[in-house]
Each structure stands twice: as C-alpha cells, then as structure tokens.
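S.K.: Structure in structure tokens, see below.
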Amino acid sequence: MKPLLFLDSCCDFCAAEELRCLCVLVFLKDLAGMSAPQRNWKGIAIALLVILAVCSLITLSVILLTPVDTQPSSDTKLMVEDLFSTDFYVHDPEACWINGKTIQPQSHSLMRITSFMFFQDTFKATRYSISPDMKYVLFAYNVKQVCAAFCNNRCVLQLDPPEVLNSKLQHAAWGVQGQQLVYIFENNIYYQSDVRTNSLRLTSSGKEGVIYNGIADWLYEEEVLHTHVAHWWSPDGERLAFLVLNDSLVPNMALPTFTGSTYPKGKQYPYPKAGQPNPMVKLFVVNLYGPTHTLELTPPDELKLREHYVVMVKWISKTKTAVRWLNRAQNVSILTVCDSTTGACIKRHEETSEVWLSRQNQEPFFCRDGNRFFLTVPVKQGGRGDFQHVAMFTSQARADQNELRHLTSGNWEVTQILAYDENSQTGERAVLDQDSVFIRVFSVFISDTAPGGQQVNDRYSLDWDSVLVSSDNVIVARLDGRGSGFQGQKVLQEVHRRLGSVELQDQLAAVEYLLKLPYIDRTRIGVFGRGYGGYVALLLIKSTENVFKCAAAMSPVTDWSLYASAFSERYLGFPLQDDSRYQTLMLLHATADANVHFQHTAELIKNLVKVGANYTLQIYPDEGHFLSKSSQRHVASTLSSYFRSCLQEEVLPISEEEEEEEE
C-alpha cells in the first residue's frame, strides 16, 4: 500500500507532477510482483533503462510545455501608479464606419504618418478620418486651433476660408459621399463638395456666444444632444439638416483663468440656470446640390409658441427626417416625420408623463416605406411598474394614428435598439441591447451617479478606490437605489420633486445593512461622491451623526438653482441648508469647471465657515470638469491617501500600569 500513499502525496503538489508519479507507481508494482528465484537481472536492467528514459522524456515534456507563470503573485498590491499604466488600459480600437463596407479603427497603423510640413512648420497629428472614397485623410493637429486635409500624394490643404481671419476651427468632418467636407468657423457652417473646390458658406448669422449654427452650445452639448455636433447628413449627401441655437437671452457665466498671466483673465459663455431663459432653437435643412436653398422644419402646433428642445434628428430617407421635440418641462414629447422639400412635419407619436420623460435621444427605426417604425416605450409590467420595451408602430389611414404592437415584455429593460434587418430570410429582425443588473458586494461608501445612472454593473473599471481595496483592507460599496436607471420607470421616477430624499433613504439603509456585518468596523466608515454623487454624500453626513468618520466630495452640486436648467427642471431639486454636522470633510473642485461651477463649493464653504465646521479644500486651478492626466493622478493619490489616513485603525497608547504588568 505504500506506493498508493506515495502517489497521493506526490500528486497533491501540482498537476504537472502527475505523470512522473504515475511512472513511480508502475515501477513499484512491477517490483512487487516478482519472485526472487525467477529474477532476470538483464531484463530488469533493460526495463529500468526504458522506464527511466520514458520518465525523463515525460518530465522534460512537462517542463517545456508548462507555461511560465508571469502573473504577479497573489500578494501583489495595486498602487496608484498602476492606475495610469498601460497594463490596465482597455485598448479600444475606436472603430467607426467610413462607408457601408469599410471600418476605420483609430489605431496606430495609419498614424505612422504623424508629422507633416505646412508652410515650413512641422505639425504632429493626433486624430485622423478617412474620406468615404478612401482617397484623402483628414488629420487633426494643434487640436484647439487648426485642422487640415491631407492628400495621398502628401499635399496639405488648409481649411481656412478667405473671410475667416485668425479664427479657431470648431469642427471638421467628411460627409457621406466622395470627398464632401463640412466644417465650422465662428459658429458658421462651411461646405466643400471635394477637397479641391472652393468653400461654400451655408450660414452667415453665427456669432460667438450668441448664435450657433450646426454646433451645440453648452446646454445642448451637455444636457440635450450629448455631443457638440448639431448637424446631420442625408443618406445621399445631397442635404444637410442643422440646428440654429439663439442664446441672446441666456445669461452668461464667467470662468476665470488664474494662471499664466500677471492679471487673471477669463471667458464668458451662455449658461442657463434653473428658471432662467433657455436658448431658442430652430431646425433647418439646406440643399447642397444646385442652388443652395435653406428651409425651416416646423415644430408641431402644440409646441410652436412654447419653449421646447429638439432632442433627436435622424434621416429616414433621402428627403425625410424623424425629429423629436420636447417641451421645456420635459413631460411632453412629440415624434414627427418632416419633409425636407416642403418643411411640413407630421406627428407620428406622442408621449406624455406626469413626471418627466426619459430616453428622449433614442432613434426610431423605420422600414423603407415609412409606414412602420420601432421604438422603446414604457410598458406596464404588473405591480413592478413600467419598463422600457420595444414596440412596433404601424400607420393607419390617418398619418397621426398608429397601430401599436408590443414586441418584448418582462421585468427588465431594453436599453437600445441596435439595428433593424428588413431583408432577413426568416422575417424582420431587430437587434436589441438588453440591460442586466449585476449586484456586487465589495470602509468607503461611494455615491457617484445622477438620476437614471447605474453604479452596479459588470464593466471593467479601476480607480483610486481599487487601490484601497487591494492594499488597505477596505471594502467599497456602491448602490443603485431609487432614482437609478434600468430598473423600470417606477424606481427611476421616485425622485421626482424629491431629490435628496428617497435616494438618501436608500443609501442610509444600505449603510445600516453593512454595519450589521461582522467584518465591518462601524467606527471606520467613509463616504465619497462626485457631482450629483457629491450632493448625496454631503446629505449623508448632514443627516447622520457619528456614522461616517470622514467624507470627500468632488465638484458637488450644492444648490439646484445654480445648476443647468435642463437638468434641474427635470427633477426639481432643493438646495442644501446650513448645518454643522460635518465630521472630517474634504472638498475637491476645479476652478474652471463649466458643468458644476466652483460657485457651488464656494457657497458651501461659506456656510461651513459660518457654522464652524471642519473641512479641507483641494482645488485644481484652470482645470475643467474633466481633469488633465496629471490632475487625475493627483486626485487618485489625494483621495487614496486621505481615506487611508482617515480609516486606519487607531492604536491606543499603552498605560504605565500595563507596561509594568508586561515586565
């Protein structure tokens, strides 16, 4: 029985040893079966040599074929420096379609041509885009100032219309056919049918900070369209739809620049706060072939004389566009189909809500004849409330009436219709992106998302809190409570007119649950939030006593009357009140933050000083809402060090009596 015991103990070490252990076992069994008088020493010797040779070959094979373990050992700790190492980056090729058949990745293969000469100056390109006919490349260089078209024979064409002097290029992109180019200077749109032709100015009303043609102002870029591009090509490239935004009545916000000169400078830009005048919006289509002709697409009668937003524009044929109009209160949405040859718009779908409407940027998918289209709409699912699901709308005799058919259902949500295949052999198909909610339990409590957002997900992410988890025995917890997205309209809309109320209750309930766990030290709990999450984090420490040992808030919203109209008016929140129940509080804010102005933190600090509260302030001069790489590194180091110091276990001094007892 000893050979069996030896085999077990040998194979317990690692799988790679199993083959060698097997050889030993066979050898011992052969020896045990032989009787002394019948031993053939010559045969035994030959057998031993054969067995040794086989075992040697097997051992050698195991050694050669076993992959080298290059992974760090289990006790390797994540450091702040690792967060900015390429080892942990997601290498996204950022692929996009050039035309219907070719994909362009933003890889380094074409960026080998990174430097080129122009008027005896050398420029380094940072981005590129290939023309639809694959003959020219649009390179971006000196991104804040200049852009140029780059030819395949190394000639460089400057995008600089003669009527524009010393002005910054705001946008440049290829069209959908051939070598079409569209670019924007001084809030005006310029067009070239190919790279060799002269530029054609399509608009002339542009004025910096006042009139925006084809490009978004601050409100539309950040809160409405979520992109700076406010123009859309027809599929054949013969027409261009574009927004005209008039900010003449919108109050300006000043952003000072403290560094770089003896006297601080600054800039102003239109920023409508809650209740203040919004930009006026109009939608136009310009014909690019033949005599240029510009036509306005008229909003529906219900919104003509009321303040409204244009939240979605999509071409559904060569001459027709789908447009979604939203009233300022954001509880009435109208989808129209507009004829670009007449300017007339026909209502195809209307949606209303007693609270607010979400997902208004989603694009409908139309069939070729335009009689059917697909959207995600709220559908009631029993007691769980409404969930976003796919519906098919089919036109009836009247254009503004549709037959509705629901295609999906359940206590889950369709986040997006990705594609629609009208040519499928087995019938029409829609490709969906279904939301899935993953719950994870990871002592810092993080609140870092606005209403409709999601913190608990399966996305790969590393941040400063990952360092604490890896190196400092800290548990990080995130929660998607009421007001979060992708769990149905009932959960989402619980925060209407109650910002800072129900989501605060859910966050506190989660903290109370964590405190009951045996491995949680209730004397060492911290909280962190950014933006809206900073608002919630401040409310958490304001509404509790002796629960959080320390807190940090980055760019916190502290007064909803100071924030953007489109966001604040959607939820109707309330400002923070004076209170002195702050423990150890760290505030971080960039002075040139155009989203959440430093004014929010300044107002909060004024109140903190008034009540004698303790706080620490970390500012980032002349940085915006999205920090530079060096400042990101500094934030990560600051926050990890701050919470490490705050949450470390206190070591009580040993009394003289205890020292004598030990001796």
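The numbers here are math on the coordinates, done by the rules we state, and not lab data. Keep in mind it's a predicted model, so treat the numbers as computed, not measured. Glycine also receives a Cβ, built like all others from the backbone with ideal geometry; neighbour counts cover every protein chain displayed.
S.K.: What percent do you get for the relative contact order of the range 444-647 when only Cα pairs under 8 Å and 6+ apart count?
M.R.: So the answer I get is 20 percent.
S.K.: Of VAL176, VAL596, how do they rank once you tally other Cβ atoms within 10 Å and put the fewest first?
M.R.: Sorted ascending by nearby Cβ count, the order is VAL176, VAL596.
S.K.: Let me ask something additional. Looking at the range 468-548, which trypsin sites (Lys or Arg not before Pro) are DSSP coil and have at most 13 other C-beta atoms within 10 Å of their C-beta?
M.R.: Hits after loop and neighbour filter: ARG497, LYS516.
S.K.: If you don't mind, another one. Charges on Cβ only, +1 for Lys and Arg, -1 for Asp and Glu, centred on the Cα centroid of the range 444-647; of LEU587, ASN614, GLY534, which one is farthest towards the dipole's positive end?
M.R.: ASN614
S.K.: Of LYS77/LYS606; LYS267/LYS629; LYS207/LYS314; LYS273/LYS304; LYS124/LYS265; LYS168/LYS282, which pairs sit farther than 31 Å apart, going by alpha carbon to alpha carbon?
M.R.: Long pairs (Cα-Cα over 31 Å): LYS77/LYS606.
S.K.: Work out the length of the dipole vector of the range 444-647 about its Cα centre, built from +1 on the beta-carbon of each Lys and Arg and -1 on the beta-carbon of each Asp and Glu, and round it to the nearest 20 debye.
M.R.: Using only the charged Cβ atoms, the result is roughly 240 debye.
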